[in-house]
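Below: one structure, written as structure tokens.
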Amino acid sequence: MQFSSFANRYRQSTGTVQLMEDLGKATTAPGPIFQLGGGNPAHVPAVENLLRQAMTDLITDATRFGRMVGEYDAPGGNVAFREALADLLRDQFGWPLSVDNIALTNGSQSSFGILFNSFAGAFDDGSHKQVLLPLTPEYVGYFDVGLAETPIFEGRRADIELLPDRQFKYRLDIDHLDLTSNHGAVCVSRPTNPTGNVITDVEMAQLRTACHDAGVPLIVDGAYGLPFPGMIYTEATPFWDENTILLLSLSKLGLPGVRTGIVVATPEVIQLIRNTNAINNLAPSRVGPELITPLLHSRKLTALCDEIIRPYYEKRLRHALDVVNDAMAHLPVRVHKPEGALFIWLWFKDLPVTSEVLYQQLIADGVYVLAGHHFYPELHEGWRHQHECIRVNYAGDEAVVEKGLSLIADLVTRLYETGKP
């Protein structure tokens, strides 16, 4: 059987493939499993109770239920949901939005695929443009969606600021951003997956100005941010303007299974999303929008994020940091300052092996994480730092997280002592 060049891209194992396959393998692997990989949110009882009640209300309403399962939605996504979200964003942030500024997709990964391939790759004038990632490491899910034969991502190495308490923070190097006509867009996640970094308001203002001056759109991935799920644990002001494309999601609310991505942009971009949905999917799913629209109208969703979701994850974060400080006190490890999302990013300075070797050894012990090198596109030169880091999801059961981090500490200790697996 012969496959096209297009198909051969999908026959290779990538960071995204490994990430999702690990989630599946961990559910069937023999022996004890410590799942600290993947991006699954926690099963927060108060959240799931509210969602269960919303689902009960939905299925007992024959008209709403019938529409949800028995009718295609509009290519741009559920109109009632988009109107309710536009109202929320206008009220909460003062953004001049209408239903024409919002479109839905079948998950953020679908949004990335549409947008990145719309602003990068081959152009009619013969040029080839790239998406600039100004602060790497960045989300692993970006790197595999490009359909061009040549890479569509260019990454900038972050500045590293060492902080007290064995923490550090990646900083945007705005002076070496070097936006050119070869860049079709700039993209950042805020909070950042994998590190939990929140780009400061000053950095965002600088980036926003640079993009405006260069005439390229700024794509902001807010899957963990505001207005939902609100996993930001530091001061940060969200923004939107006509040169900004904001991506949101229902996944980290506790709904990864309903695959609902949200794009907030100018009507021109929204029309592009609508057309692509119609061609590739006919329409996005109705399940997430039908479930969440009443919570947008009542503003219960905002209260849920402020009063339940953010405090829940902050508590889990403090527990994970306590375990790291206890179990890894003797190791040359630093933790990226955790300002958002649901991960801690561990940097083992001068690790005797690569993070990929560490990852493979941890799987043998039943511990699932993600190796750091997956979160970098091709950089202009090699950087040892990207092979010294791992991403750990702390959203799971506290006992599982504690045991998993302890096993990581044991293995890394042996690696430093022996210099080999």
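Of note:
- Of all DSSP beta bridges confined to the chain, the antiparallel ones make up roughly 60%.
- Whole-angstrom gap from the range 343-386 to the range 119-143, using each part's C-alpha centre: 23 Å
- Rounded to the nearest 5, the antiparallel percentage of DSSP beta bridges internal to the range 70-301 is 50%.
- Restricting the GluC sites (Glu not before Pro) of the range 151-206 to loop positions (DSSP other than H, G, I, E, B) with no more than 15 neighbouring Cβ atoms within 10 Å leaves nothing.
- Label sites at Asp91 and Thr180, each approximated as a point 7 angstrom past Cα along Cα to Cβ, lie 4.8 nm apart.
- Here the chain is scanned for chymotrypsin sites (Phe, Trp or Tyr not before Pro) in DSSP loops (not H, G, I, E, B) that have at most 12 other Cβ atoms within 10 Å, and the longest stretch holding none of them is 124-421.
- Footprinting exposure proxy ranking of His387, His212, fewest other C-beta atoms within 10 angstrom first, gives His212, His387.
- The range 326-381 shape via C-alpha gyration tensor axes, a/c threshold 1.5: rounded
- In the structure shown, the pairs Lys300/Lys337; Lys349/Lys403; Lys129/Lys337; Lys252/Lys300 are assessed against 26 Å; a Cα-Cα span above that value is assigned to Lys300/Lys337; Lys129/Lys337.
- HN-Hα J in Hz across the range 36-53 - Karplus 6.51, -1.76, 1.60, θ = phi - 60°, x for Gly and Pro: 10, x, x, x, 4, x, 6, 8, 8, x, 5, 5, 5, 5, 5, 5, 5, 5
- Along its principal axes, the range 70-301 has C-alpha extents of 52, 49, 30 angstrom, given from the largest down.
- Beta bridge orientation in the range 217-309: antiparallel %, DSSP, nearest 5: 50 percent
- Among the GluC sites (Glu not before Pro) within the range 46-121, those in coil by DSSP and having at most 12 neighbouring Cβ atoms inside 10 Å are Glu71.
- When each of Met231, Met55, Met68, Met1 is scored by the number of other beta-carbon atoms lying within 10 Å, the sequence from fewest to most is Met1, Met55, Met68, Met231.
- Taking the helices alone, the chain has a mean residue ellipticity at 222 nm of -12500 deg cm²/dmol, built from -39,500 (n - 2.57) per DSSP H run of at least 4 residues and averaged over all its residues.
Bear in mind that the values in this text are calculations on the coordinates, not laboratory data. Source: prediction; values computed, not measured. Glycine gets a Cβ as well: all are built from the backbone with ideal geometry, and neighbour counts include every protein chain shown.
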